[in-house]
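Structure, as structure tokens:
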Amino acid sequence: MKKSSEIRKTFLEFFMEKGHTVVESSSLVPIDDPTLLFTNAGMNQFKDVFLGLDKRPYTRAATAQKCVRAGGKHNDLDTVGRTARHHTFFEMLGNFSFGDYFKREAIAYAWEFLTEVAGLPREKLWITIFTDDDEAHALWQEVAGVSPERIIRLGEKDNFWAMGDTGPCGPCSEIHYDRGPEYACQAEECAIGKCDCDRFLEVWNLVFMQFNRDESGNLTPLPKPSIDTGMGLERLSSLLQAVESNFDTDLFVPIIKYIEEMTGRVYDRGEAGFPFRVIADHSRACTFLISDGVLPSNDGRGYVLRRILRRAVRFGRVLGLEEAFLYKIVDVVCEIMKDAYPELLKRKEFVKEVIKLEEQRFLVTLNEGLKKAEEIIKNMKKEGRQVMSGAEAFMLYDTYGFPLDSAEDMAEENGVRVDREGFNEQMNMQRERARQASKGGEAWAREIMISELLTQNQTVPTEFTGYNTLTDQAELLALIKDGELVSAAQDGPIIAITSVTPFYAESGGQVADRGVIAGADGKMHVDDVQKVGSWIVHLGTLKGTLTVGEKVALEVQSEARLATARHHTATHLLHKALQTVLGEHAQQKGSLVEPDRLRFDFSHLSALTEQEIETIERLVNEAIWQAYTVETSVKSLEEARNMGAMALFGEKYGDQVRMVQVGDYSLELCGGTHVKNTSQIGLFKILSEGSIGSGLRRIEAVAGHSALNYLQGIEQEIKKAASLLKTTEREVSNRIEAMTRTLKEREREIEALKAQIARSGSEDLLAQAYQRGDSHILIAQVSGQDPDTLRQNAEMLKDKLGSAVVLLATANKDKVSLVCFVSKDLVEKGLHAGKIVAEAARVTGGGGGGRPDMAQAGGKDTDKIEDALNAARQAVENLLL
């Protein structure tokens, strides 16, 4: 068990033999959890299970989870490469118990795996526990035979875990490996809990989730204590492969060797190897993040990805890599990880294309950053400043991707320094903005509130019947009004939960159904429907009275449901058409399905051509007219994937999934409502296609009645245009083209006449010219000339006068235009058109300039033109003198 792939496989097989269900890694983009930027622990995908919002068909699970810690509370970005053990992307091995086993079994499993399966020496293992956890202290001795002196009690900061300020929490116990005194630091006391050096390596963290913390901080025992554990694959591999650091394992060595080949340099495990380690780590993070649907952008997850990618590029510069290189490393990452994550190979080319484009853009930006840093330091010297402000350093970092370390190095070389504290303040402000942006809103808080109330009430789960019917009879199980459970409710906003419901809850981009719930003495107009745990929750406004326990009639608006179904099935047809025309990388990244329209977001790096849009639209309509039967079935996730069903990123799938098959055209996993036959859609029309971010496109479209209404609206506009143009509808474009040609001809004729009149008027100005020696000076105001005509006429007058200075001014509305020409012989004598016109422009409140022989300027004080001309005359006289 030396290879990392074998370690991963052995871990999962070990827990499978212990009765655990092996669950596939979830996406790095957290699903239905607005509180997280990235998946950063194995327990993330089970969060709703721990909170009681979700139930699984198993009570024991084991995973190898993809994780990223590069933003928010858990951020290892700046530590990567400096230590042997920190990464942006890593894999967390974990086993979980949802109210099944607890401390005894968790400790026993961990000890057995590490000492008997992995073969780590028992005498090298140390244990930490929460200071008050006497039970764990006893169990480590009883179950694992660990001597008391190797069990260390630590405080809440180190050994107490909490999901948040309130909610499930509990003590934890960590297993550390003593790598030996040769790895010890120079601290006065090098020991677990006393320092953070590389001697004692934290291997595995066992969280004993046994309490619930309320808003007052009080802890009450959970009815079903649970287990959440996490162990880094990279750290375990370094121990089992007996290497110095994680970067010396088979997860990183091929990447570092490839970097050596690209740079022609030899990797050094010391400080000189820092750039190698950063690039190796960041190449993995970029590959997995982009593969999981994150694209570079200026906010949120995309901003973190951009930072990681650009940091790798900067360190490539340190190693002499001047051109795009990071995208090439994707091949190596995919080769290492392909067995565990085969999806990487399918998306490899798209990932490479995204990284290459971002690299090329940043290389230009990086050069600009160096120039900007030099400019700031130059200005500091002029101003006599010794400190580059935190705001300036942060601007370099944030706008140009210029690292603080580089700014400090440049400052030191120039005998100045950077205000690091001010920089950190700016960074903290930005982090706070990002934290606020990633927080869950009112909807999340409402969901928790509803779940807690229904759990306390022991409300039975809701059965959804809406795939087969739009009306049903049900028992009213619960009512919530003003945040509290009530036995009866009267007029006003309420939340209702019934035993069964035909109402579809908002999910997968499809909006919720609307309709009514009617009881004996009241009727609720349902405006929204949400899924909370195992309940389907109706939100709306009540007129009259509803009472818990009474029988109610539920009725969904049928026309809206059918219109929504048309648009939902159309999204499946559109998704397939996009992949047919653009390639498999064109994957759904988001959607909105409403009764009157659809919106479809997908990954693609360039704008669609008109021909591509027409082809996609035609493919969808042909699928509609083929009258494909739309069938649904429930399969295991593995069976559905084996059948080729398309699973969407960002969607949460259980072990059993609903599969929607459209003839032999499309096969997707989907829980939404659909038409029975594509012919029911009728018609499909794309309204727009555009960018919504780097590598992300959006199509807005309509189907069914909405498509017909849209086309009829266009038809009415064409009829109006035909009537105004006095032609037939089919001849509208020809008529417009003919009129446009005629209009352009008339415009040319008008311009020619204006120029002729202007020349005639300008020639009359010759009489206003006066002589100075052998030269002529003409400074005058003209009217009715645009800037181009003014320039042409001024040049003509200069040519006619020979040795001359010509300055003309005109006023159009509230703007002054000035133009000046100076003949070549006078330029040689020191006259400068730019200086002359600048004097005139200054008087009119404007500015401008140009070459010695020709210059233009503008102003805004039209009532000061005469003063401006006098200023110009004086400037000419001064220059002649």
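Please give the length that would be gained between Arg420 and Leu708 if that part of the chain were fully extended, namely 0.36 nm times their separation in residues minus their C-alpha to C-alpha distance (nm, one decimal). Numbers along the way, then the final one.
Working: separation 288, 0.36 × 288 = 103.68 nm, distance 6.19 nm.
Length difference between fully extended and current span is 97.5 nm.
With R₀ fixed at 56 Å, the C-beta to C-beta distance from Asp268 to Leu687 puts the FRET efficiency at about 0.45. Which of (i) 109, 75, 54; (ii) 105, 78, 49; (iii) 115, 77, 51 is the computed Cα extents along the principal axes in Å for the structure on display? Step by step, Cα extents along the principal axes in Å for this structure corresponds to label (iii). Close amide-amide hydrogen proximity is noted between Val29 and Thr39, each under 5 Å apart and 5 or more residues distant or on a separate chain (H modeled in the peptide plane; Pro and chain starts excluded).
Between helix 300-318 and the chain there is an angle of about 80 degrees, using the helix long axis and the longest principal axis of the Cα atoms. Each residue of region 106-112 is assigned a 3J(HN,Hα), and the resulting list reads 4, 5, 4, 4, 5, 5, 4 Hz, derived from the Karplus form 6.51 cos²θ - 1.76 cosθ + 1.60 (θ = phi - 60°), x at Gly and Pro.
Given their separation in residues at 0.36 nm each and the Cα-Cα distance between them, Asn734 and Asn812 gain 24.4 nm when the chain is fully extended.
Relative to the longest principal axis of the C-alpha atoms of the chain, give the angle of the C-alpha long axis of helix 610-625, reported between 0 and 90° and rounded to the nearest 10°. On a 0 to 90 degree scale, this one is about 40.
Cross-link pairs exceeding 30 Å in C-alpha to C-alpha distance, out of Lys18/Lys55; Lys3/Lys194; Lys103/Lys194, comprise Lys3/Lys194. Normalised by residue count, region 578-714 yields a Cα convex hull volume of 113 Å³ per residue.
Here's the picture: charge each Lys and Arg Cβ at +1 and each Asp and Glu Cβ at -1 in the chain, and of Val304, Ser406, Val333 the one pushed furthest to the positive end of that dipole is Ser406. Each label point is 7 Å from the Cα along the Cα-to-Cβ direction; what then is the distance between the points at Thr742 and Ala108, in nm? If labels sit at Thr742 and Ala108, their model points lie 9.6 nm apart.
If packing is taken as the mean number of other Cβ atoms within 10 Å per residue, what is the order of 195-203, 272-280, 480-488, highest first?
On the way: 195-203: 17.9, 272-280: 22.2, 480-488: 13.6.
Result, highest mean first: 272-280, 195-203, 480-488.
Pair-distance distribution of region 582-636: all C-alpha pairs, bin width 10 Å, starting at 0; shares per bin in whole percent are 16, 38, 39, 7, 0. Computed packing ranks the peptides 229-239, 372-382 as 229-239, 372-382, most packed first, by mean other Cβ atoms within 10 Å. Computed across region 435-568, the Kirkwood hydrodynamic radius from all distinct Cα-Cα pairs reaches 15.0 Å.
On the beta carbon distance between Lys346 and Ala191, with R0 = 56 Å, the FRET formula returns roughly 0.70. Please check which bits of region 78-109 a label hung off Glu17 would reach, taking the label as a point 7 Å along Cα-to-C-beta and the cut-off as backbone N under 16 Å. The answer is 108-109. Given their separation in residues at 0.36 nm each and the Cα-Cα distance between them, Ala162 and Lys829 gain 231.8 nm when the chain is fully extended.
Look at the dipole of the chain built from charges on Cβ: of Leu357, Ala518, His282, the Cα furthest out on the positive end belongs to Leu357.
Each Lys and Arg contributes +1 and each Asp and Glu -1, all at the Cβ; summed about the Cα centre of the chain, the dipole is approximately 1940 debye. Calculated accessible area for region 219-329 comes out at 35 Å² per residue, all protein chains present (probe 1.4 Å; ligands, DNA, RNA ignored). For Val203, the residues whose amide H sits under 5 Å from its own are Ile175, His176, Tyr177, ignoring neighbours fewer than 5 places away on the same chain, with H placed 1.01 Å from N. Extending 7 Å from Cα along the Cβ direction at Asn677 and again at Thr35 yields two label points whose distance is 5.0 nm. Simple spin-label estimate for Glu412 and Gln716 gives 7.2 nm between the two label positions (7 Å along the Cα-to-Cβ direction from each Cα).
With N set to the residue count of region 481-541, report its C-alpha Rg divided by 2.2 N^0.38 Å to two decimal places. Please report the intermediate quantities before stating the final value.
Values: Rg = 11.5 Å, N = 61, 2.2 N^0.38 = 10.5 Å.
It is 1.09.
The H on the amide N of Cys172, modeled in the peptide plane, is under 5 Å from the matching H of Phe130, Phe160, Trp161, Phe208, each at least 5 residues off or on a different chain. In units of the compact-protein estimate 2.2 N^0.38 Å, region 516-608 shows a Cα radius of gyration of 1.56.
Relative to the longest principal axis of the Cα atoms of the chain, the long axis of helix 420-438 makes an angle of roughly 70 degrees. For region 538-656, the C-alpha radius of gyration divided by 2.2 N^0.38 Å, with N the number of residues, is 1.40. Global dimensions of region 619-680 from alpha-carbon coordinates: Rg and Dmax equal 12.0, 34 Å.
Here the chain has 47 percent of its accessible surface on carbon and sulfur atoms, given a 1.4 Å probe and all protein chains in place. Once R0 is set to 60 Å, what does the formula 1/(1 + (r/R0)^6) return for the Cβ-Cβ distance between Thr465 and Gln771, expressed as a FRET efficiency to the nearest 0.05? E(calc), rounded to 0.05, equals 0.05. For the chain, the list of Cys residues with no other Cys C-beta under 4.7 Å reads Cys67, Cys169, Cys172, Cys190, Cys195, Cys286, Cys334, Cys670, Cys820. Calculated mean residue ellipticity, 222 nm, the chain: -13000 deg cm²/dmol, from DSSP H runs (n ≥ 4) at -39500 (n - 2.57) each, averaged per residue and rounded to 500.
Think of region 1-56 as a dipole: +1 on every Lys or Arg Cβ, -1 on every Asp or Glu Cβ, centred on the Cα centre; then among Pro30, Leu12, Met43, Leu12 lies furthest on the positive end.
The values are calculated or read from the model by the stated rules, or taken from the named source; none is laboratory data. What you see is a predicted model; the values in this text were computed from it and never measured. Counting neighbours? That spans all protein chains shown, and the Cβs are built from the backbone with ideal geometry, glycine included. Heavy atoms of the whole protein, side chains included, go into the accessibility calculation; ligands, DNA and RNA do not. Shrake-Rupley method; radii C 1.70, N 1.55, O 1.52, S 1.80 Å.
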